[in-house]
Amino acid sequence: TMGNITFDSASATWVPNSAGEYAYFVSTENSTTGPEVTSGTTTDAEAYFFGLEPATTYYVFVRSNCGGEWGAWSLATSFETFGGGLVACDGGVVTENYCSQQFDTKEWVYVSADGSPLKIEFLGGFVGTASTESFEVWEGTGPVGTGTEIGGDLAGNSFDALSGAIYIRLITDAGACEAQPWYLPLEWRVGCK
């Protein structure tokens, strides 16, 4: 099970067995012969991964060592890190341009490098509001409490986060930028106040 997913880290937990040790392997391909992002061994039924790239799909494999013999690798468990990242408070801004896909959930987290308040300004984009479609913004690193929902034309909307962290979640239905010409790509910029 994957948890604690951010733009640059995640954790994996699995059901423990009688093994004295577990090995894990993380790759950007669904293969244990793919490029290694990180790997290691642990006596716990969990592992933490740091230094990951934002908005990237990763595959986690686990195997156990019972009686000195390594078992076969598990099937892959995939996860995608959130978009976003660390915002340097040097006068610059972080920009995003995303064309939504149908029946998808995308998440972004922005955190100021020095704890300064952040501001996000929406420059363009269209998000539908039918059925399960939603676009919400929260102050903080996760969806705690009630978010600010924005629908339709995003241009001109803004949001301030005094805590120095912004979490965004987009849920699409059949309507999406890649499927309909009136769903414009989402565009925003984030900077320190």
>> For the stretch 142-175, which positions are of a type in the set (A, V, I, L, M), at pLDDT 90 or above, part of a loop (DSSP other than H, G, I, E, B) and over 28 Å from D114 (Cβ atoms)?
In response: A155
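Going by the structure shown, is T146 of a type outside the set (G, A, S) and touching a residue at least 60 places away in the same chain (Cβ under 8 Å)?
So T146 does not fit the description; no.
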> Hey, which of the strands (runs of 3 or more DSSP E) in the stretch 25-96, taking only ones fully inside, have at least 3 residues that are among the β-branched types (V, I, T) and surrounded by 13 or more Cβ atoms within 10 Å (Cβ to Cβ)?
Replying inline: 36-42
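How many residues does the stretch 91-110 hold that are of a type outside the set (F, W, Y) and either without any contact (Cβ under 8 Å) to a residue 60 or more places away in the chain or on the phi > 0 side of the Ramachandran plot (or both)?
Filtering the stretch 91-110 down to residues of a type outside the set (F, W, Y) leaves 91-97, 99-102, 104-107, 109.
If we keep only those that are either without any contact (Cβ under 8 Å) to a residue 60 or more places away in the chain or on the phi > 0 side of the Ramachandran plot (or both) too, we end up with 91.
Number of matching residues: 1.
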> Among E107, E178, which is the only one that is open to solvent by 10 Å² or more (accessible area, probe 1.4 Å) and under 17 Å from the mean Cα position of the chain (by Cα)?
Replying inline: E107
> Within the stretch 156-175, how many residues turn out to be touching a Gly at 6+ places or on another chain (Cβ under 9 Å), of a type outside the set (S, T, Y) and open to solvent by 50 Å² or more (accessible area, probe 1.4 Å)?
Replying inline: 1
>> Here are the criteria: (1) over 20 Å from the mean Cα position of the chain (by Cα); (2) open to solvent by 70 Å² or more (accessible area, probe 1.4 Å); (3) among the charged types (D, E, K, R). Tell me which single one R189 does not satisfy.
In response: (1)
> Restricting the first residue to the stretch 168-189 and requiring it to be touching a residue at least 60 places away in the same chain (Cβ under 8 Å) and farther than 28 Å from G140 by Cα, which pairs with a second residue that is part of a loop (DSSP other than H, G, I, E, B) and among the polar types (S, T, N, Q) meet a Cβ separation below 6 Å and a spacing of at least six or different chains?
Replying inline: A174/Q102; E178/Q101; A179/Q102
>> The conditions are (1) touching a Phe, Trp or Tyr at 6+ places or on another chain (Cβ under 9 Å); (2) at pLDDT 95 or above; (3) among the polar types (S, T, N, Q), and S112 fails exactly one of them. Which is it?
In response: (1)
> Assuming L123 fulfils every condition listed in (1) more than 24 Å from A10 (Cα to Cα); (2) open to solvent by less than 70 Å² (accessible area, probe 1.4 Å); (3) in contact with an Asp or Glu (Cβ under 9 Å, 6 or more places away or on another chain); (4) not in a loop (DSSP other than H, G, I, E, B) apart from one, which condition is it?
Replying inline: (2)
>> List the residue pairs whose Cβ atoms are under 7 Å apart, where the first residue sits in the stretch 49-69 and is among the hydroxyl-bearing types (S, T, Y), the second is modelled with pLDDT under 95, and the two are 6 or more positions apart or on different chains.
In response: S64/N17; S64/A19; S64/G71
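The values are calculated or read from the model by the stated rules, or taken from the named source; none is laboratory data. Bear in mind that the values here come from a model prediction, so they are computed numbers and not experimental data. Positions of Cβ are backbone-derived with ideal geometry, glycine not excepted, and every protein chain shown enters the neighbour counts. Accessible surface areas use protein heavy atoms only, side chains included; no ligands, DNA or RNA. Shrake-Rupley method; radii C 1.70, N 1.55, O 1.52, S 1.80 Å.
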